[in-house]
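Peer 1: Sharing a structure with you now.
The values are calculated or read from the model by the stated rules, or taken from the named source; none is laboratory data. A quick note: this is a predicted structure, and the numbers were derived from the prediction, not measured. Quick reminder, even Gly has a Cβ in these numbers, built from the backbone with ideal geometry, and neighbours come from all protein chains shown. Just the protein is used for accessible areas: all its heavy atoms, side chains included, with ligands, DNA and RNA removed. Shrake-Rupley method; radii C 1.70, N 1.55, O 1.52, S 1.80 Å.
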Amino acid sequence: MSSEERREETGGEEEIERGGVSAELVKGNILKIKWVTGKTSAARLFGKYGREGRPDFFRLLFGAIGGSLRSQFPEDKANELFNNIRNSQGFKDSLNEVFESMKRWFFDEVVPKYQLERGDVFVVSTTLELNINTGELKWNKESTQVIYWIRSDRVAEKCKELGITVGAGSEEIDRLRRERDELAGKVKELTNENNRLKVENEELKRKLESIKKVIGLT
């Protein structure tokens, strides 16, 4: 495949390419997960060309869920919850449903809309809700976005479709760059929030241990 068009080494783009996750516990038992997959391809994310011949979707999502639980609970509790959720029938059924729904959405809507081809690379940013009691997982399609890279051999074609003159300092190019920077900013915001939650979680754990010592539970 030809080299990609976008090579700017900005912090925002690096974070998009790596992927990330942040989480919030709502209604007491619903874990709201904001998940950025990181740079991938359709064959790796949804097909047999992921690690060990299995779609990377599952490996990446399990990592996102585990990281989200650890950001909200002490490590032992988070590990216990993760194992219970992973082994629950509600999670197994809903996980397969989410995978199939996202796969259909990608190939039926995203590929035709952006005219993606085999081997093209992209990032998916989305929101999921996980019931930590039942293991049921839900995907919020409306919150889902795709960021994709235009290959160098298709830049002229894509610019023509968008009405952009290659090499011109047009307002349209500036607008597209602003949109790119806004998306990068959102990913950075999610990453910062995740880091803040981790620090807050560690502080709460320390306070809990101090209270236990005071009341003689340890």
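Peer 1: Could you tell me the calculated FRET efficiency between residue 181 and residue 207, based on Cβ-Cβ distance and R0 = 35 angstrom, to the nearest 0.05?
Peer 2: Efficiency, rounded to the nearest 0.05: 0.35.
Peer 1: What lysines sit close enough to residue 205 to cross-link, taking a C-alpha to C-alpha distance under 19 Å and skipping anything fewer than 8 places away on the same chain?
Peer 2: Qualifying lysines at Cα under 19 Å: 77, 213.
Peer 1: Okay, next question. If each of residue 80 and residue 196 carries a label point 7 Å out from its Cα toward its Cβ, how far apart are those two points in nm?
Peer 2: Modelled inter-label distance: 3.0 nm.
Peer 1: Then there's this: Note the full-extension length gain between residue 52 and residue 133 as 0.36 nm times their separation in residues minus their Cα-Cα distance, in nm to one decimal.
Peer 2: 26.1 nm
Peer 1: May I ask you to give the percent of accessible area on region 68-144 that is carbon plus sulfur, with a probe radius of 1.4 Å?
Peer 2: Within region 68-144, the accessible surface is 41 percent carbon and sulfur.
Peer 1: Once you list every other residue whose beta carbon is under 15 Å from the beta carbon of residue 134, what net charge do they have if Lys and Arg are +1 and Asp and Glu are -1?
Peer 2: Neighbourhood net charge equals 0.
Peer 1: Where does the charge balance sit around residue 90 when Lys and Arg score +1, Asp and Glu -1, over other residues with C-beta under 14 Å from its C-beta?
Peer 2: So the environment of residue 90 carries a net charge of -1.
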